[in-house]
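Visitor: This is the structure I want to talk about, given as structure tokens.
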Amino acid sequence: MKIQWYPGHMTKAVRNMQEDVKVIDLIIEMVDARAPLATRNPDVDRLGQGKGRIIILNKADMADEYCNRQWKDYFVSQGCECMYMDSRRRADMRELMACIDKASAEKRERDKKRGIMNRPVRAMVAGIPNVGKSTLINTIAGKSAAKTGNKPGVTKGNQWIRLNKQIELLDTPGILWPRFEDEHVGEMIAYIGSINDLIVNTSELAECMVQLLMELKPDALNAAYGIDLCNAGLKPYDVIGLIAAARGCLRQGGEPDIGKAELMLINDFRSGRLGRITLEKCPQ
Ligand code: G4P
């Protein structure tokens with residue numbers, strides 16, 4: 001399934017991020033825990049050269065628990081600080097502070113050697129649309145955080161949120177763009193609902209989703225719709241027909257309403273009604 005989309009405002013977003021990155025020490029890169037590689041943008045490596053980095057596997061509450069731990073270990077093995085979280089939960093913020101502390105240790109050491117004491121670490125949240133950047137900033141800022149004034153050299157009137165004596169967070173996230181050239185990326189982003197459905201063929205999407213779920217987690221389809229996939233001959237289209245029957249999606253005259261069943265399946269996956277599912281397998 002090929003998806004091509006590049007709205008004009010993304011060029012401006014990338015330009016803004018290039019500016020903002022100049023005044024920060026640390027990038028908090030957010031990805032979706034259900035598809036951690038597809039929801040990354042490799043540009044962040046270029047933009048973040050010489051900066052500290054934390055990778056957050058967000059929406060971990062919707063991803064498989066075992067896979068969350070596997071993915072975290074994977075990124076740690078690549079030399080990154082990494083944690084998984086539900087960015088709506090204030091309780092997860094303490095671990096994030098500890099992560100920021102670790103990821104900025106090198107910067108503090110450099111400052112110390114130069115005789116700079118107590119300069120706060122400046123961090124920015126970045127990631128592709130819909131991974132939860134604004135949610136994290138809102139949760140992290142809470143009521144206690146104070147907004148500080150503009151910084152010299154930052155002309156666009158950026159606001160900083162002081163989290164404690166050691167950490168300031170830019171209150172505007174950096175927006176990156178998914179790599180749609182890669183067909184796999186386009187599919188993953190469409191499954192999790194991070195692109196406008198108007199540009200996606202929902203029938204094709206639903207069939208691809210069934211195919212993937214039959215491989216990854218057939219039990220989820222059985223639990224949600226009572227469909228026994230032991231019948232080896234079933235094709236994705238047949239499964240959608242069974243979903244239509246199971247959920248009473250019928251047209252006048254009793255024909256299955258396939259279109260309605262397709263949308264139901266897509267929504268059930270996105271809202272977590274099919275359970276916690278990680279779509280991308282972690283490299284061994
Ligand atoms: P963005 O700035 O990166 O574009 O993402 P944003 O924070 O707007 O979050 C996109 C959607 O994802 C929001 O839902 C938000 O509530 C949800 N979300 C963010 N973090 C998490 C998480 O860790 N777990 C889960 N389950 N959901 C999360 P929405 O339906 O678009 O908005 P709303 O109705 O919740 O306000």
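The values are calculated or read from the model by the stated rules, or taken from the named source; none is laboratory data. As the structure is a computational prediction, the values presented were derived from the model and not from experiment. Reconstructed Cβ throughout: ideal geometry from the backbone, glycine too, with neighbour counts over all protein chains shown. For accessibility, only protein heavy atoms count, side chains too; no ligands or nucleic acids. Shrake-Rupley method; radii C 1.70, N 1.55, O 1.52, S 1.80 Å.
Visitor: Is there a pair in 22/133; 113/133; 133/260; 59/281 whose C-alpha atoms are over 22 Å apart, and which pairs would that be?
Guide: Flagged as over cut-off: 113/133; 133/260.
Visitor: Could you give the nm distance between label points at residue 111 and residue 229, where each point is 7 Å from its Cα heading toward the beta carbon?
Guide: Calculated label separation equals 5.0 nm.
Visitor: How much of the accessible area of the range 201-271, probe 1.4 Å, is carbon plus sulfur, in whole percent?
Guide: Answer for the range 201-271 is 49 percent, counting heavy atoms of protein chains only.
Visitor: Further question on the same structure: Give the accessible surface of the range 16-59 per residue, rounded to a whole number of Å², with probe radius 1.4 Å and ligands, DNA and RNA excluded.
Guide: Averaged over the residues of the range 16-59, the accessible area is 30 Å².
Visitor: Could you tell me which of 44, 142, 132 has its Cα farthest along the dipole of the chain towards the positive end, charges placed at Cβ (Lys, Arg +1; Asp, Glu -1), taken about the Cα centre?
Guide: Most positive-ward Cα: 142.
Visitor: Translational diffusion coefficient, Stokes-Einstein: compute it for the range 8-171 using the Kirkwood radius over C-alpha pairs as Rh, at 10 °C and 1.306 mPa s, and state it as an integer in µm² s⁻¹.
Guide: In µm²/s, the coefficient is 97.
Visitor: Sticking with this structure for a sec: Quote to one decimal, in nm, the extra length available between residue 91 and residue 270 on full extension: 0.36 nm per residue of separation minus the C-alpha distance between them.
Guide: 62.1 nm
Visitor: Measuring from label point to label point, each 7 Å out along Cα→Cβ, what is the residue 164 to residue 13 span in nm?
Guide: Going by the 7 Å Cα→Cβ label model, 3.1 nm.
Visitor: Grab the beta carbon distance between residue 237 and residue 182, set R0 = 41 Å, and tell me the FRET efficiency rounded to 0.05.
Guide: 0.95
Visitor: Choose one answer from 266, 27, 199: the residue with the largest mean-square fluctuation in a GNM of the chain with alpha-carbon springs under 10 Å.
Guide: Result: 199 has the largest fluctuation of those listed.
Visitor: Now for a separate question. Quick check: pseudo-label points 7 Å beyond the Cα along Cα→Cβ at residue 78 and residue 202, how many nm apart are they?
Guide: Result for the modelled spin labels: 3.3 nm.
Visitor: Could you work out what % of the accessible surface of the range 8-171 is carbon and sulfur, using a 1.4 angstrom probe and leaving DNA, RNA and ligands out of the count?
Guide: 47
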